[in-house]
Structures are given as structure tokens and as C-alpha cells.
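Q: The structure follows.
Read-outs: derived from the displayed coordinates by stated rules, not from any lab. Model, not experiment: these values are computed from the prediction. Quick reminder, even Gly has a Cβ in these numbers, built from the backbone with ideal geometry, and neighbours come from all protein chains shown.
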Amino acid sequence: MTYALVRPIRLDLDSYARATGLHPEAVRRLVVLGLLEPVSDARGELCFSPSQVAAAARIQRLHDGLSINYAAIGLVIDLLDRIEKLEATLRNLSPRH
Amino acid sequence: MAARRDFYEVLGVGRNADQDEIQRAYRKLVRAYHPDVNKDPGAEDTFKEVAEAYAVLSDPETRRRYDAFGHDFRQVPPDVDPAQWARARAGAGAGAGAGPRRSARAEDFGFGTAEGMDVDLEDLFGGMFGGRGRRRRGAVPGADQEAELTLTVEEAYHGGRRALTLPGGRRLDVTIPAGVANGQRVRLAGQGGQGSEGASPGDLYLVVRIAEHPRYHVEGRDLHASLPLAPWEAALGATVAIVTPGGEAKLKVPPGTSTGRRLRLRGRGMPNPRGTAGDFFAEVRIMVPARLTDEERRLFERLAAASRFDPRRRS
């Protein structure tokens, strides 16, 4: 992958499903639930940026580890991201007086 | 992996806890230590430990066998009588170790060392994620972790190698870039949570915290320090030496400098790997001797008589 820096890497549905260990149908379902952020390529097929592999892994871990259903995971993820942002802001604020 | 903790101890329940109690303890712990909720590097191991303990204790049959045989229960054939087993073990301990070797035991369930072990992997992963169902999933990459790294101003200024111990007990040698800022996240690729079934691990982020310093105060990349001056240095001007993290610097104090004036040493603050370094600000504080010598007192009295300077005069 020597062209990686020149061209943004996109994973098509099949390679994304392989990378995440999900069934392609499961991927579609997660997209419909608004848990994954796909990008459409020129032909309108589902494509994913490589960062979405980690997103799918987080969804699976939350689902398996805490028995959260997929619809609720959207909320959990939003809240976790918000907490992370707030904590980062707090960290940058605290040393100033 | 250290010595294995008792599963009841892991869940924090008594040995005669009922299923509801076990389930409740498990749910609470798993919420607190889930690697996506708790970024602490030690959380993942606790999470796995809790999940494994629950997998065993939540099933009455495996729980009964665990109670009888301890951590070895998976190696014990199903038809062995617990009382007989206990006797055999006691005998083996005294005689020429014919029983299972205790020393090898700690590794038996070690994640990632499963090759050649007679532990059922399927069992292990089913247990790991808490579900009792035998869902077989693909490999799941590991979670990102976060740990705080406290540095002194000097360490952040110079950067360099540093050994640190993570909350989970793991030791790491990290190279800190010169000029890291407070709150900055240093990414260590692949040092986060393990992925399952050989999937790629997550990343570890070290959040830099710059410790309070007796002399310097850090604001972004700028450093602030106070500069004590004698009254005559402040009035007449002087060139004084001041210590900065980058070494001693010469600072020119212009004549007629009062307390509160900030003198800037451009570029003597924290270095910036991508851009210009911060500045060093020295804030003037005029100090007087606590006790005057006779000579000093005489000179100050002459000055008081001769000067018409009134710092409180309204203009």
C-alpha cells in the first residue's frame, strides 16, 4: 500500500465485514441504526473509512460485554464520546487559575 | 498473570451467595470495568477476570465443580468424587507429586497462551464476554486505553526516555517528545487493550499532566516565574541571571522597573516540536532586606529625605 498517503483508503462492504468479523448483513443493520458512518462511493455502494473498524469493535465489545442492545448502544456511544470531550476540556482548564 | 484470585472474591460475594446475588455483583462490576467505559489500562484484566468468574459461578453445574475442585475443575474428569480428589491432592503434596502440578496452573487460562492447552477455547470466549450462548464471532480489535503521565516541567521541556508502570502493573519504556504540553495525548500504537482471537490491539494514550513546580507556572507553552529584584536594581536597571528549564539566561532589567512588570525572554518557554517555542515571562517583585545594616539604614534615610517620589500620589 504505497499509495496510502495519496489516496484515502476506503473499505468496501465485504472487506469491511472481514476486517470487523461481522456478517455483511449485520453491517447493514448497524448502518441503519446509525451506529456506523459509511461513505458512499461513486456507484452508491457502502464504503467505510478504516477508522470505522475500531468503531465496529467498540460496538461489539459493548454489546457482548454489557448485553446492551444495538439501539441503545447508539446512546451509550454518544454519551461516552461526550464524557471524553468534557474530560479533555476539564483537563485543559484545571491548571489555569 | 499473577496468582489466580478466588472467583467469589473476584465478584465480591460470599461462597453461599445465591444466583441473583452473583448476577447483581457481576452486572455492577462489568459496568464499571468494561474496557470501553473505563480507560484505565488495568480495567481490561479486571473485566476479563470478572467475566470468567461469572461464567463459572452463574452455571450451577460448573459452580458446583469449581467449589469442589477449585481452578483445576476443567482438568478433572466428570466422574471424580470431590472427597477422593481432596485426599489425592493432599497425598500428592506430601509424596512424589503425582497429582496436577500447582505451578503450571496459573497459565492454564492465560489469554493468548492457549495453544496446546486442553482448555476449550470456545468456553473461554463464551465466558469472556459474559454471554452464555455459544455465539462464535469474528476477531474483535481491542479497545483504546488511557493513562495519565505526570511530568515535571523539566521532563516535559527536555523530553527523553522514561520507564513507567501502568495501573495494571505493566511496565513500559516510552519516549517523550521534547515540549509536550499539559493535557496533550501521546499515542502509543498497539499498546492498548488486546484484540480477541489475534485481532489488532487498541492504542494506549498517555495524557500528559505537568506537575506544579515551585518556580515555574506553565500556561500553554509559556512559562511564568517571578523575578525578585533589589530596589536599586529595579530603579537603576541591571542585568541579572535567571534559571530557566533550558539553562541559565541573562535578563536585562530596564531602569525604572516596578513590581508586576513582566519581562519576556522570547523563545525560552517550552519548545514546540511543530512551530515556535513558547516564551518565558519573569514577573518583577521588588524585595527589601528584612533587616537593614546601619549603613543601609543611613543610605535609605538619605534617599527618603532627598526623593520626592510618591507611589500613591493621584495623578
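Q: How much length, in nm to one decimal, is gained on full extension between B:PHE309 and B:GLU148, taken as 0.36 nm per residue of separation minus their Cα-Cα distance? Don't skip to the end; give the middle numbers.
A: On the way: separation 161, 0.36 × 161 = 57.96 nm, distance 5.29 nm.
Roughly 52.7 nm would be gained on extension.
Q: Cα axis of helix A:51-66 to longest principal axis of chain A: angle in degrees, 0 to 90, nearest 10?
A: 70
Q: Run the dipole for chain A about the Cα centre, Lys and Arg Cβ at +1, Asp and Glu Cβ at -1, nothing else charged, and hand back the magnitude in debye, nearest 20.
A: Working: 12 positive and 11 negative charges, 55 e Å.
The calculated dipole for chain A is roughly 260 debye.
Q: What's the local net charge at B:THR257, with K and R +1, D and E -1, over the other residues with C-beta under 14 Å away? Don't skip to the answer; put the middle values down first.
A: Details: positive: B:LYS252, B:ARG261, B:ARG262, B:ARG264, B:ARG285; negative: B:GLU233, B:GLU283.
Value of the local net charge: +3.
Q: Towards the positive end of the charge dipole of the stretch A:11-93, with charges on Cβ (+1 Lys, Arg; -1 Asp, Glu), say which of A:ALA19, A:GLN52, A:GLY65 has the farthest Cα.
A: Of the options given, the answer is A:GLY65.
Q: Would you calculate, for chain A, the mean residue ellipticity at 222 nm contributed by helices, counting each DSSP H stretch of 4 or more residues as -39,500 (n - 2.57) and dividing by all residues, to the nearest 500?
A: On the way: 4 runs with 57 residues, N = 97.
That comes out to -19000 deg cm²/dmol.
Q: Same structure again: To the nearest 0.05, what FRET efficiency results for B:GLU283 and A:ARG43 with a Förster distance of 60 Å applied to their C-beta separation? Let's see the in-between values first.
A: Numbers: r = 64 Å, r/R0 = 1.06.
Here the calculated transfer efficiency is 0.40.
Q: Tilt of helix A:70-93 relative to the longest C-alpha principal axis of chain A, in degrees (0 to 90, nearest 10)?
A: That helix lies at roughly 40 degrees to the long axis.
Q: Answer rounded, prolate or oblate for the stretch B:212-315, using the Cα gyration tensor with square roots of eigenvalues a ≥ b ≥ c: rounded when a/c is under 1.5, else prolate when a/b is larger than b/c, else oblate. If you can, show how the numbers build up before the last one.
A: Numbers: a/c = 2.86, a/b = 2.27, b/c = 1.26.
Prolate shape, in that a/c is at least 1.5 and a/b is the bigger ratio.
Q: Let me ask something else. Between B:GLU295 and B:ALA178, what is the FRET efficiency for a Förster distance of 51 Å, r being their Cβ-Cβ separation, to the nearest 0.05? Spell out each step's value before the answer.
A: Values: r = 48 Å, r/R0 = 0.95.
The value I calculate is 0.60.
Q: List the GluC sites (Glu not before Pro) within the stretch B:1-89 that fall in a DSSP loop (any state other than H, G, I, E or B) and whose Cβ has at most 10 other Cβ atoms within 10 Å.
A: Within the stretch B:1-89, no GluC sites (Glu not before Pro) qualify (loop, at most 10 other Cβ atoms within 10 Å).
Q: Oh, and also: How would you rank B:LYS28, B:LYS252, going from fewest to most other Cβ atoms within 10 Å of each one's own Cβ?
A: Values: B:LYS28 13, B:LYS252 10.
Lowest count first: B:LYS252, B:LYS28.
Q: Give the average, rounded to an integer, of partner chain Cβ atoms located within 10 angstrom of each Cβ in A:48-61. Spell out each step's value before the answer.
A: Working: counts 0, 0, 0, 0, 0, 4, 7, 0, 3, 13, 7, 2, 7, 14.
Neighbouring Cβ atoms belonging to other protein chains average 4 per residue here.
Q: Averaged over its residues, how many other protein chain Cβ atoms are within 10 Å of peptide A:81-93's Cβ atoms?
A: Values: counts 0, 0, 1, 2, 0, 0, 3, 3, 1, 1, 8, 5, 1.
Whole-number average of other-chain Cβ neighbours for A:81-93 is 2.
Q: Then there is this: Compute the FRET efficiency between B:VAL186 and A:ARG29 as 1/(1 + (r/R0)^6), taking r as their Cβ-Cβ distance and R0 = 41 Å, and round to the nearest 0.05. Walk me through the intermediate numbers first.
A: Values: r = 37 Å, r/R0 = 0.89.
It comes out at approximately 0.65.
Q: Let me ask another. Report the semi-axes of the equivalent ellipsoid for the stretch B:172-243 in whole Å, largest first, where each axis is √(5λ) for an eigenvalue λ of the Cα gyration tensor.
A: Values: eigenvalues 424, 17, 13 Å².
In descending order, the three semi-axes are 46, 9, 8 Å.
Q: Shifting gears a bit: To the nearest µm²/s, what D does Stokes-Einstein give for the stretch B:257-315 at 37 °C and 0.692 mPa s, using the Kirkwood radius over alpha carbon pairs as Rh? Could the numbers behind the result be given before it?
A: Details: Rh = 15.3 Å.
The estimated diffusion coefficient comes to 215 µm²/s.
Q: Here's something else I'd like to know. Okay, which of the stretch B:261-300 sit inside 16 Å, backbone N to the point 7 Å along the Cα-Cβ direction of B:TRP232?
A: Counting only backbone N, you get B:287-300.
Q: Still on this structure, I have one more. Among B:PHE309, B:PHE281, B:PHE47, B:PHE7, rank each residue by its count of other Cβ atoms within 10 Å, from fewest to most, as a rough exposure measure.
A: On the way: B:PHE309 9, B:PHE281 19, B:PHE47 26, B:PHE7 23.
Neighbour counts put them in this order, fewest first: B:PHE309, B:PHE281, B:PHE7, B:PHE47.
Q: Binning at 5 Å from 0, report for the stretch A:11-93 what percent of all alpha-carbon pair distances ends up in each bin.
A: 3, 14, 23, 22, 15, 11, 7, 3, 1, 0
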